[in-house]
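For reference, the structure is listed below as structure tokens.
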Amino acid sequence: MNVLVTGGAGYIGSHAVKRLLEAGHTVVAVDNLFRGHLKAIEAAGSIAPDRLTFINADVSDRDTITQALEKHQIDTVMHFAALAYVGESVDQPLLYYRNNIAGLIALLEAIDRSRVRNIVFSSSCSTYGQPREDQIPVREECPQNPMSPYGRTKLQGEHILSDFAEMRRRAGRPIGLAFLRYFNVCGCDPSGSLGEDHTPESHIIPVILQAALGLRDHVQLFGTDYPTPDGTCVRDYVHVTDLVDAHVLAMEKLAPGRDIAYNVGIGKGYSVRQIIDSVRRVTGGNFQVIESPRRAGDVPMVYADPTRIREELGWNARFTDLDEIVATAWKWFKSHPKGYHS
């Protein structure tokens with residue numbers, strides 16, 4: 001299959017490129033390198049460089065995307081290109097609407113001129129907002145009430161795609177859609193060839209690993225009085241390789257005219273204290289933890305119910321042990337303390 005991956009030089013996108021190439025697909029990766037890394041594409045494509053094409057472009061560049069879809073006879077588009085910092089989206093909502101919504105619309109305009117049959121959309125659990133206690137673990141039927149501009153762009157993206165698919169159906173040109181709503185993504189490719197490199201870095205495991213490496217003075221623990229077993233927030237952490245496996249399985253299941261949506265998570269949560277303890281065990285590092293008040297908007301506990309994706313796609317998370325997850329990230333960070341610039 002010929003697959004176009006937007007955001008292909010990013011954290012999740014580069015892992016998806018590698019997974020698709022391993023599965024024998026031909027890949028065109030598109031990234032404007034605003035927050036992606038050329039070295040990530042080089043590493044992802046090293047296993048099959050003859051089946052990978054990289055295009056340095058923004059998804060809003062309709063002409064370039066249209067040409068790429070036509071030239072490479074793309075069957076499926078896997079859309080990862082999006083800004084994804086919740087706090088930043090609150091401070092700069094217009095930036096998020098311009099990139100995540102206007103960019104998606106331009107991409108769909110290009111797709112509408114092409115032979116693309118399926119779209120796999122990288123959505124988010126943030127579309128659910130703050131589920132009630134009786135709605136956890138979170139199922140796909142949970143009401144979607146996002147609490148941030150980022151979450152709203154993901155939910156609006158789902159709505160735009162659904163309307164686009166309905167337009168195509170009425171025109172006799174059906175297209176398949178898959179929405180993957182995933183929880184906290186973590187870990188790195190077990191080979192150590194691909195990793196997580198964000199600027200700024202806000203994801204909890206990389207932040208703690210940076211402290212273990214001595215790149216941070218301390219780790220800040222926000223909130224220790226939540227109604228959870230150890231008083232800290234509990235989240236579902238899905239390994240990045242498991243996540244991209246879910247995207248590939250969804251792609252293979254899709255057919256024009258079919259719409260599917262799945263929550264992707266391991267079905268249980270780990271607390272912030274458990275992650276801190278795991279990093280100490282895996283790295284042997286001794287770093288300072290400073291306890292601070294709760295952050296506004298943090299919910300005590302949220303994790304996925306992955307029943308639907310397990311039953312319909314046969315997907316099961318391979319990485320569920322916290323130390324094993326952290327070890328894959330530590331392997332990358334030890335050899336890349338400054339990320340792809342190491």
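Computed from the coordinates by the stated procedures, all read-outs in this text should not be read as laboratory data. Here the structure is a predicted model, which is why all the values come from computation and not from measurement. Counting neighbours? That spans all protein chains shown, and the Cβs are built from the backbone with ideal geometry, glycine included.
Data overview
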| quantity | calculated |
| --- | --- |
| Burial ordering of V5, V234, fewest other beta-carbon atoms within 10 Å first | V234, V5 |
| DSSP-assigned coil residues among trypsin sites (Lys or Arg not before Pro) in segment 57-126, each with at most 16 further Cβ atoms within 10 Å | R113, R115 |
| Selection from Q156, N145, M167 lying farthest towards where the dipole of segment 131-174 points positive, charges on Cβ | M167 |
| Percentage relative contact order, the chain, counting C-alpha pairs under 8 Å, at least six apart | 18 |
| J(HN,Hα) series, segment 220-227, from Karplus relation 6.51 cos²θ - 1.76 cosθ + 1.60, nearest Hz, glycine and proline x | 9, 9, 8, x, 10, 10, 6, x |
| The chain - charge dipole about Cα centre, Lys and Arg +1 at Cβ, Asp and Glu -1, debye rounded to 20 | 420 |
| Computed [θ] at 222 nm, deg cm²/dmol, the chain (DSSP H ≥ 4; -39,500 (n - 2.57); rounded to nearest 500) | -11000 deg cm²/dmol |
| Backbone HN-Hα couplings from phi across segment 87-104 [Karplus 6.51/-1.76/1.60, Hz, Gly and Pro as x] | x, 4, 5, 5, 6, 10, x, 5, 4, 6, 5, 5, 6, 7, 9, 4, x, 5 |
| Semi-axis lengths, Å, the chain, gyration tensor of Cα atoms, sqrt of 5 times eigenvalues | 32, 23, 18 |
| Note, ³J(HN,Hα) from phi for segment 254-262, Karplus 6.51, -1.76, 1.60, rounded to Hz, x at Gly and Pro | 5, 8, x, x, 9, 10, 9, 9, 9 |
| Cα-based shape type of segment 7-87, given that a ≥ b ≥ c are square roots of the gyration tensor eigenvalues and the cut on a/c is 1.5 | oblate |
| Leading residue at positive end of dipole, segment 1-153 (Cβ point charges), from L95, S123, A48 | A48 |
| Alpha-carbon centroids, segment 1-36 and segment 153-172: separation in whole Å | 23 |
| Whole-angstrom gap from segment 117-144 to segment 190-239, using each part's C-alpha centre | 23 |
| Folded to 0 to 90 degrees: helix 272-283 orientation relative to the chain principal axis, Cα | 90 |
| Top of G192, G157, G36 by mean-square fluctuation, Gaussian network on the chain, Cα under 10 Å | G192 |
| Most mobile listed residue (V264, V219, V59) in the chain, GNM with C-alpha springs under 10 Å | V219 |
